[in-house]
Amino acid sequence: MAQKARLLVVEDEAAIRSGLVDVFVYHGYEVETADNGDDGLRLALSGKFDLVLLDVMLPGVDGFEICNRIRQQDRQQPVIMLTAKSSDEDIVQGLTLGADDYVAKPFSVTQLVLRVQAVLRRSGSAEDTAREIRLNNGLVIDSANLCAGDIVFTRREMELLQYLSQQADRPVAREELLARVWGYANHMEIETRTVDIHIAKLRRKIEIDASSPEAIVTVRGAGYRLMLGE
């Protein structure tokens, strides 16, 4: 019998927390919860969970700091943040700190479950990828160790780089990246800025001048293209 995936839900609103537990238990997950940031941080750093579902606004340590601390310890831990629907700053900050994706409140429970399933499916996949990615600016990226010299990447950033490198002869549309890197099926009709924000993060890490990108270029109307070196 397959082992159930373990989720940590860090959410201070009791009704939302209880509802999420019921939904995810119904879908076959083991769920542990925390109603404040301090307990959430302790549990998130325990390494016991396959995915952390993390609210931004929490008593004690906030969700941003928890995400930051998770990434300092583990660049592969899947994290989805729950953000205020109207707050672009929350969305950008959460993804910049290394969250895999965000879900804006109020959210569709069905959509949230599908996105959790997609993130877990991608995190458990083992696809053959090149160990090194050589960019046109001379940077050599070590895919296995999620780094390029002193530059470190999250698992999601590396998956994005790997997919773009495999399709380097053409631009790749956002919708394709959501499907192939995040695992979101076309029928999910996801409204998310996560691709653009992850691209912006990568540019700040790998470009000589992020304001004038040469390694990840935007092809208007077509998507993003990774420019490889020899």
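Placing a pseudo-label 7 Å from each Cα along the Cα-to-Cβ vector at ALA14 and SER211 gives an inter-label distance of 5.2 nm. Working note: Debye formula, equal point scatterers on the alpha-carbon atoms of segment 132-226, no solvent; log10 I(q)/I(0) at q = 0.15, 0.17, 0.21 Å⁻¹ is -0.55, -0.71, -1.09.
For a paramagnetic label modelled on ALA200 (point 7 Å from Cα along Cα→Cβ), amide N atoms under 19 Å away belong, within segment 92-110, to 92-105.
By other beta-carbon atoms within 10 Å, ranking ASP39, ASP90 with the fewest at the front produces ASP39, ASP90.
Note on GLU176 and VAL140: the model spin-label points, each 7 Å out from Cα along the C-beta direction, lie 2.9 nm apart.
A cut-off of 5 Å between modelled amide H atoms, ignoring neighbours fewer than 5 places along the same chain, links LEU146 with no other residue. Normalised radius of gyration (Cα atoms, divided by 2.2 N^0.38 Å) for segment 15-163: 1.10.
Any read-out appearing in this document is the output of simple, stated calculations on the displayed coordinates, not a laboratory observation. Remember, predicted model here, so these are calculated numbers, not experimental data. With ideal geometry, Cβ positions are generated from the backbone for all residues, glycine too; neighbour counts draw on all protein chains shown.
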